[in-house]
Structures are given as C-alpha cells and as structure tokens.
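The values are calculated or read from the model by the stated rules, or taken from the named source; none is laboratory data. Being a predicted model, the structure only gives us computed values, none of them experimental. Positions of Cβ are generated from backbone atoms using ideal geometry, with glycine treated the same way; all protein chains shown enter the neighbour counts. The accessibility values were calculated without ligands, DNA or RNA, using every heavy atom of the protein model including side chains. Shrake-Rupley method; radii C 1.70, N 1.55, O 1.52, S 1.80 Å.
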Amino acid sequence: MENAKPLKRHSSLQPLSRDHHHGLLLCWKIRTGFSKGADPERVKAYADWLFAEHLLPHFELEERHVFPLLGDKEHPMVKRALREHRRLKRLFTANDDLAKQLSLIEEELTAHIRYEERVLFNELQKVATPEQLAVVEALNRGQPFMDDWADQFWEK
C-alpha cells in the first residue's frame, strides 16, 4: 500500500498554519524551559501573553469563519475542534498547579494543532469553494506575528 502524498496547504489557510507553527513553538518552549528548570511563573507569563494576543484571536477566526465551512456545529470535526478550544481556554485560564497546567497545555495544544493540520484542514480544502477560501484569506490578513518576549526562559 502506498502512502498518500500530503495535500499542499491552500494559500488561504497558510496564515492559519503559520499561527499553528507559533502554537507548536509555545509547546516546544514549555518543554525546553521545564527541561532547563525554568520557574513555572515565568513560563506561565509567556503562555498567558501568547494566549491573549495570538491564540484567542486565532480560535475566534476559526470558530466564526473557518469551521462553518464544514457545515453546522454538529459536524464531527467541528464538534471536536470546538471541544478542544474550550478545553484549551480552561487550561490557559486556570491557576492551579502551574507546572501541571502548563504540561497539559503543551500536550493538548500539540495534539489539537496536529488534528487541525492533518485532518480538519485537509477536509476543509476538499469541501470549501474557492470563494469561501478567499473570504477566509481576506479575514486573516492581520499583523505579522511578533514575539519579542524579553524573558527567554527556554534558553536559560
């Protein structure tokens, strides 16, 4: 059995995929920071900033304009993505055991991004019309990602 070639990401979805890349970098920074003994408070400050400035707007764009292209909220892929967004929002806003919370964010955000990239976006590219994808592209022309966080806990 041959492996199927991965679909090339449609240009209208590429900015969302770049957002996903930054989310995966957050996960890497959490793992790396903890492996170097970073204080969870330092890691949480960065995670909170990234969540408020980048992840929440990304979630909102997907929920309002991307997921509906697959149908209603009862579509199994949409239901899963929405459930994962809710779970991630709860994890980012909880203030319990920070190290445990951040580890869960790292695990669940990684899995969520992989799901959207490998499953949901591939399906979306199959069913969305060029006009629908053009609308998504027009809505996603925001500011480029800027990460000038001074406390680079993942390096020390």
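So here's what we get for this one:
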read-out: Sparse-neighbourhood loop sites, trypsin sites (Lys or Arg not before Pro) in the range 34-98 - DSSP loop, at most 13 other Cβ within 10 angstrom; value: 36, 73
read-out: Three semi-axes of the equivalent ellipsoid, the range 112-156, Cα gyration tensor, whole Å, largest first; value: 32, 17, 4
read-out: Derived scalar couplings ³J(HN,Hα) [the range 104-109; Karplus, 6.51 cos²θ - 1.76 cosθ + 1.60; whole Hz; x for Gly, Pro]; value: 5, 4, 4, 5, 6, 5
read-out: Helix-only [θ]222 nm of the chain, DSSP H runs n ≥ 4, -39500 (n - 2.57) each, per residue, nearest 500; value: -18500 deg cm²/dmol
read-out: Angle in degrees between helix 130-139 and the longest Cα principal axis of the chain, rounded to the nearest 10; value: 30
read-out: R0 of 35 Å, Cβ-Cβ distance residue 118-residue 148: FRET efficiency to nearest 0.05; value: 0.70
read-out: The range 4-101: GluC sites (Glu not before Pro) falling in loop per DSSP and having at most 12 other Cβ within 10 Å; value: 74
read-out: Over 25 Å between alpha carbons, listed pairs 44/73; 44/79; 29/73; 8/156; 8/89; 73/126; value: 44/73; 44/79; 29/73; 8/156; 8/89
read-out: Heavy-atom accessible area ranking, 1.4 Å probe, most first, across 67, 34; value: 34, 67
read-out: Accessible carbon and sulfur surface of the chain relative to its total accessible area, %, 1.4 Å; value: 52
read-out: Relative contact order (%) - criterion: Cα under 8 Å, at least six apart; region: the range 1-135; value: 40
read-out: Correct option for Kirkwood radius over Cα pairs in Å [calculated from the coordinates] among (i) 17.7; (ii) 16.6; (iii) 19.8; value: (ii)
read-out: Å² per residue, accessible surface of the chain at 1.4 Å; value: 59
read-out: Relative packing of peptides 132-139, 103-110 - highest average C-beta neighbours within 10 Å first; value: 103-110, 132-139
read-out: Signed unit charges on C-beta, dipole axis of the range 76-142, positive-most listed residue 77, 124, 93; value: 77
